[in-house]
Amino acid sequence: MPNLVTMGAMMQCVPFGAAPSSLIVIPKGTPVTAPAMLAATVMDFAPIVNIPPFGVCTSLANPTVAAATAAALGVLTPMPCIPATVGPWQPGALKVKIGAFAALSDTSICNCAYGGVIKITMPGQFITTVT
């Protein structure tokens, strides 16, 4: 069963991010987990605001990586990651909502415009199970 994702959940950009990152959840009202932690929704997908960089990026679809690689005569040259999410996390929790939006579960993914898939590797808590 999926777990509810909260502030500080660990994420990874597969396969292009070099380092994990921690989800940032902006307060939307009363925390919904015990102990009181800020729960995430599918709408917590904004680059930098919610999804910090993953170290360096190795995707050639990333314009900075492509330019650096071209300048290095074709030798793959990783560049700093700036996530380029293309939409909300999918799928969200089917039955749990926070305000008007589905809660974020640890089985949700978020796609990056450069070809990476952002996945939750540790949900931030293991108390509430959602469907």
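If you filter region 66-84 down to residues that are in contact (Cβ under 8 Å) with a residue 24 or more places away in the chain and surrounded by 14 or more Cβ atoms within 10 Å (Cβ to Cβ), you find that the one that is farthest from ASN50 (Cα to Cα) is PRO78. Selection over region 85-105 of residues that are surrounded by fewer than 22 Cβ atoms within 10 Å (Cβ to Cβ) and under 16 Å from ILE24 (Cα atoms) gives a count of 2. Every condition in (1) among the small types (Gly, Ala, Ser); (2) at pLDDT below 95; (3) crowded, with 16+ Cβ neighbours inside 10 Å holds for SER21 except the one numbered (2). Checking THR30, THR77 one by one, the residue that is out of contact with any Cys (no Cβ under 9 Å at 6 or more places or on another chain), modelled with pLDDT of 95 or more and part of a loop (DSSP other than H, G, I, E, B) is THR77 and no other.
Considering the conditions (1) touching a helix residue (DSSP H, G or I) at 6+ places or on another chain (Cβ under 6 Å); (2) in a strand (DSSP E or B), LEU60 is excluded by exactly one of them, (2).
The requirement of being farther than 15 Å from ALA113 by Cβ and either touching a helix residue (DSSP H, G or I) at 6+ places or on another chain (Cβ under 7 Å) or surrounded by fewer than 15 Cβ atoms within 10 Å (Cβ to Cβ) (or both) is fulfilled nowhere in region 40-48; no residue meets it.
The values are calculated or read from the model by the stated rules, or taken from the named source; none is laboratory data. All figures in this text were calculated on a predicted structure; none of them were measured in a lab. Positions of Cβ are backbone-derived with ideal geometry, glycine not excepted, and every protein chain shown enters the neighbour counts.
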